[in-house]
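Each reported figure results from applying straightforward, stated rules to the coordinates on display, with no laboratory input. What you are looking at is a predicted structure, and each value in this text was computed from that prediction instead of being measured. Counting neighbours? That spans all protein chains shown, and the Cβs are built from the backbone with ideal geometry, glycine included.
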Amino acid sequence: MADNNHRRIIWRTFIGRWADVRSLLLLLLTVILAGVSVSTMADNDKWVQPERSVIEQTPNAMPFYPSRASTQGRALTPEMFDSAETCRGCHQQIYQQWQGSAMAQAWVDPIYQALLQRASAATDAKVDNFCIGCHSPIGMTAHNITTADLTKSFTPPGVSCEVCHNISAVSGNDNGAYVLTPSENGKRVKYGPHRDAASPYHQSNYSELLTKSEFCAVCHNVSHPFNSTPIERTYDEWSESAYNEQGVQCQDCHMTPGPGVTTNPGKSAPMGKQRDHIASHHFTGGNVTLHKHFGQHEMAERAREMLRSAATIEVLTPEQTLLGGELATIKVKVSNVGAGHKIPTGFPEGREMWVDFKVTDSSGNLIYRSGAIRNGKTETGTRNFKVYLGDKDNNVVDLDVWSVDRVLADTRILPKGYAIVDYTFTIPTGIQGPLVLNAELNYWPFSQHLVDELLGPGKLAVEVVQMTSVTQSLAVQLQLAQK
């Protein structure tokens, strides 16, 4: 049965992604004709067989292996970094925005902590730096924290002000490939997006990198640290999209006051200059459940608004006349209209978007449904949009991400792309009045089943967000009795 499910998933993905396959074949042909090897191209940006390439050639290139983070060869200490509360002294509004963000909760996120503990135990702590490097960069580079610190009273900073504004460069496009440099010539240095910024407290250096998607790539592209399987590819999804072609960066959507808002006039500090645009530090994403867990209701609503702006759904009305007693096939189209990456994106074991499709008669009686939640999961046969990761034996991996060896299927929707799913059901004989079709596009950052498995039943309730929906009536012609 499992093998059949895997074949169904893979076949569905193949059919839905033939255009992608054709494009990839053309790209590979171009590369081969140009005399450039694919592996050489990948080595420049992605984590490709680090044990045999980077590490053997330059053993000191990855001091925090398997994280790709580096510090220009310097040993960092906690005293080199300011606390976020120190930054609040001059940047009150930005601090308040950041404090409610997922960035600020990166280390204390209970799902992350539970997965880190599992992964560390299963790999004899070999993946600790791989995970910690993006969830607490200062904790890894300056405090030398390990998974054991999860049980201690000390709480290292997550992705704080000092992380982003002390990154001077990146050395790749995944797995924490940032260069962290908190000081220069004995002076505290902060990198920012303005050439004319000045501060009485620290040296201000302009960095174009902070305005580019490549800055986000280091932690929003994730490859398996030991076999290079692509786990998360949010940056690549953007890079290969029309948004990149148009110059729309990650920051243009996730560092603004809300969907569709392109400018945010103001000052970054009371003594600073009035500017046409100040980057919002809410870093709004789609994890409503995490924000609710921490009591951040404003941020939870921001996340809902972001999700509601991402997609549209419509019922494609069949041309044939619907008759009682016969089979009917209804097609539903889901379009990615607002996300610069695939929807959903990110953490593949959890992120899932799906259609909950219902058919009722004129009295409200349910005739057909697909997409209900049963036992904390979407039911079998649900038309969903998700990544399916697998181990070396082609078994689907739900939680044990360290055992991932391949991508079994990817049914997500490309930026500015769409997917059409269909439903076939029997129209009851003698039905009166029109059929009512209702299709809801839902999302959760992880299933309730996964959360219960990690944290225990009842510890954290996952919110299902309705991104959009459509309702449509279809006339049904009575089937005449045969003489």
Exposure-ranked with fewest Cβ neighbours within 10 Å first, LEU290, LEU327, LEU210 stand as LEU327, LEU210, LEU290
Scalar couplings 3J(HN,Hα) for the stretch 214-228 by Karplus 6.51 cos²θ - 1.76 cosθ + 1.60 (θ = phi - 60°), nearest whole Hz, x for Gly and Pro, are 4, 5, 6, 4, 4, 10, 10, 10, 10, 10, 4, x, 10, 10, 6
Listed with the fewest Cβ neighbours within 10 Å leading, MET62, MET140 appear as MET62, MET140
Here the net charge surrounding CYS90, from other residues whose Cβ is less than 12 Å away from its Cβ (Lys, Arg +1; Asp, Glu -1), is +1
Extension length gain for ASP393 and GLU326 (0.36 nm per residue less Cα distance), in nm, is 19.9 nm
What helix-only [θ] at 222 nm does the chain give? Using -39500 (n - 2.57) per DSSP H run of at least 4, over all residues, to the nearest 500, the answer is -7500 deg cm²/dmol
A correct fewest-to-most ranking of SER241, SER136 by other Cβ atoms within 10 Å would be SER241, SER136
In nanometres, the difference between 0.36 nm per residue of separation and the alpha-carbon distance of ASP400 and THR312 is 28.4 nm
On each of the three principal axes the extent of the alpha-carbon atoms of the stretch 53-284, given in whole Å and largest first, is 52, 43, 36
So, for the Cα atoms of the stretch 309-477, Rg and Dmax in Å stand at 17.8, 55
Out of THR284, ALA311, GLN97 - ranked by how far each Cα lies towards the positive end of the dipole of the chain, with unit charges on the beta-carbon of charged residues - the top one is ALA311
Unit-weight point scatterers at every alpha-carbon of the chain, Debye formula, q = 0.09 1/Å: log10 I(q)/I(0) is -0.68
Close lysine pairs (the stretch 53-284; alpha-carbon distance under 22 Å; 8 or more apart or on separate chains) counted at 5
Restricted to the chain, the DSSP antiparallel beta bridge percent, nearest 5, is 90
In whole angstrom, the spacing between the Cα centers of the stretch 416-483 and the stretch 188-225 equals 44
Computed for the chain: size of charge dipole around the Cα centre, +1 on C-beta of each Lys and Arg, -1 on C-beta of each Asp and Glu, debye to nearest 20, value 540
In terms of the charge dipole of the chain, which places +1 on Lys and Arg and -1 on Asp and Glu at the beta carbon, the residue among SER241, MET299, THR360 farthest towards the positive end is THR360
quick note, the stretch 164-229, DSSP beta bridge pairs, % antiparallel (nearest 5) is 55
When the charge dipole of the stretch 387-483 is computed with +1 at the Cβ of Lys and Arg and -1 at the Cβ of Asp and Glu, the Cα pointing farthest to the positive end, of THR426, VAL407, HIS449, is that of THR426
Shape descriptor, the stretch 298-372: equivalent ellipsoid semi-axes (Cα gyration tensor, sqrt 5λ, whole Å, largest first) stand at 31, 15, 12
In nanometres, the difference between 0.36 nm per residue of separation and the alpha-carbon distance of GLU184 and ASP196 is 2.5 nm
extent check for the stretch 58-114: Cα max minus min per principal axis, descending, whole Å, gives 43, 31, 15
Rounded to the nearest 5, the percent of DSSP beta bridges in the stretch 309-477 running antiparallel is 95
Share (percent) of C-alpha pair distances in the stretch 106-172 greater than 15 Å works out to 50
